[in-house]
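The values are calculated or read from the model by the stated rules, or taken from the named source; none is laboratory data. Predicted model, so just to flag it, every value in this text is computed and none were measured. In this analysis, Cβ positions are derived from the backbone assuming ideal geometry, glycine residues included, and neighbour counts consider all displayed protein chains. Areas reflect the complete protein model, heavy atoms only, side chains present, ligands, DNA and RNA absent. Shrake-Rupley method; radii C 1.70, N 1.55, O 1.52, S 1.80 Å.
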Amino acid sequence: KPLILLENLNKIYQTGEERIFALNGLNLSIEEGEFVAIMGPSGSGKSTMMNVIGCLDQPTEGHYYLNNQPIAKASDDELAAIRNKKIGFVFQSFNLLPKLSALENVELPMLYSGLSRQERREKAAEALEKVGLAHRMQNRPTELSGGQQQRVSIARALVNDPLLLLADEPTGALDSRTTVEIMEIFQSLHEQGKTILVVTHEAEIAEYAQRLILFRDGEIVEDKR
Ligand code: ADP
Ligand code: ADP
């Protein structure tokens, strides 16, 4: 059974008289442990699909099953809970809270986990060690390089041990050397069995993945392994 199953998925935006099919009859199946790159021109539907898969947004029509659980009928509260427990997000802009230390940023997804403060600290520290940032735990984001900030956000994405890691242009704000360092982290996560989806404009990034999905006009026009 696939980890992600999309069936006849439509996402329609109505602007005045015009109906835009941001996703147009999408069918897609992704197995646990796959590392998938998603490419395509601007406006082709990549972010819309990531938002649906990430339970940030609901499709207009069709079905979405995450780990066999039907998502399209879930309430907003259920979606928020699924997002928090099962999905890790990494964004181009890091999205760290500037007033919090690296450690406190990584603790955030565990706030409602029922873990004690001490347990949250320990798990966050462990996650930061895994991305090579043990020595920067007490620093705020502004005291860290872009690559270090992205490591913090990867640690935050992984701290609840999600089913799925979603990354939207994760290296878009980084230089080429740092990009390689970050992609090597993704590669190592893939080797440990994580399921990873990465949206990218760069072919060199896509090469780290084992599968490439190409979007155009809300449809998948190519899917190759
Ligand atoms: P990509 O991520 O590939 O750049 P998007 O998923 O952001 O593409 O957009 C797909 C299509 O949906 C585009 O035509 C875009 O203009 C449209 N779209 C996205 N979000 C909205 C919105 N909130 N309202 C209206 N149209 C939208
Ligand atoms: P874009 O790809 O258009 O630059 P982002 O990658 O920053 O946008 O964000 C993609 C979507 O995820 C947006 O709809 C945004 O509201 C949402 N989002 C951004 N940050 C978070 C977050 N930390 N947790 C949950 N959702 C987020």
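Here are some notes:
- Restricting attention to the range 67-85, the residues that are touching a residue at least 40 places away in the same chain (Cβ under 8 Å) and either over 24 Å from Leu189 (Cβ atoms) or more than 16 Å from ligand 2 (Cβ to nearest atom) (or both) add up to 2.
- No other residue among Gln210, Gln192, Gln187 is in contact with a strand residue (DSSP E or B) (Cβ under 6 Å, 6 or more places away or on another chain), under 29 Å from Gln148 (Cβ atoms) and surrounded by fewer than 16 Cβ atoms within 10 Å (Cβ to Cβ) apart from Gln210.
- When Gly16, Gly88, Gly40, Gly54 are checked against the criterion of being in contact (Cβ under 8 Å) with a residue 40 or more places away in the chain, among the small types (Gly, Ala, Ser), open to solvent by less than 70 Å² (accessible area, probe 1.4 Å) and farther than 24 Å from Gln149 by Cα, a single residue qualifies: Gly40.
- Scan of the range 19-63 for residues that are in a helix (DSSP H, G or I) and β-branched (Val, Ile, Thr), ordered by number: Thr48, Val52, Ile53
- Only one entry of Asn8, Asn24 meets the criterion of being within 15 Å of ligand 1 (Cβ to nearest atom) and modelled with pLDDT of 95 or more, and that entry is Asn24.
- Counting only residues that are within 14 Å of ligand 2 (Cβ to nearest atom) and either under 26 Å from Ala80 (Cβ atoms) or among the charged types (D, E, K, R) (or both), the range 159-179 holds 10 of them.
- Restricting attention to the range 126-184, the residues being among the small types (Gly, Ala, Ser), open to solvent by less than 50 Å² (accessible area, probe 1.4 Å) and over 18 Å from Leu100 (Cα atoms) number 3.
- Top-ranked residue in the range 68-78 [being assigned to a loop (DSSP other than H, G, I, E, B) and open to solvent by less than 80 Å² (accessible area, probe 1.4 Å); ranked as nearest to Leu3 (Cα to Cα)]: Ile71
- Among the residues making up the range 86-123, those that are within 16 Å of ligand 2 (Cβ to nearest atom), over 20 Å from Asp168 (Cβ atoms) and not in a loop (DSSP other than H, G, I, E, B) are Ala102, Glu104, Glu107, Met110.
- Ala81 being open to solvent by 40 Å² or more (accessible area, probe 1.4 Å) and of a type in the set (A, V, I, L, M, F, W, C): yes
- Any hit, the range 149-165, residues being under 27 Å from Val199 (Cα atoms) and assigned to a strand (DSSP E or B): yes
- Look at the range 92-111: where a residue is in contact (Cβ under 8 Å) with a residue 40 or more places away in the chain and at positive phi and a partner is of a type in the set (A, V, I, L, M, F, W, C) and part of a loop (DSSP other than H, G, I, E, B), sitting 6+ places away or on another chain with Cβ atoms under 8 Å, you get Phe94/Ala173.
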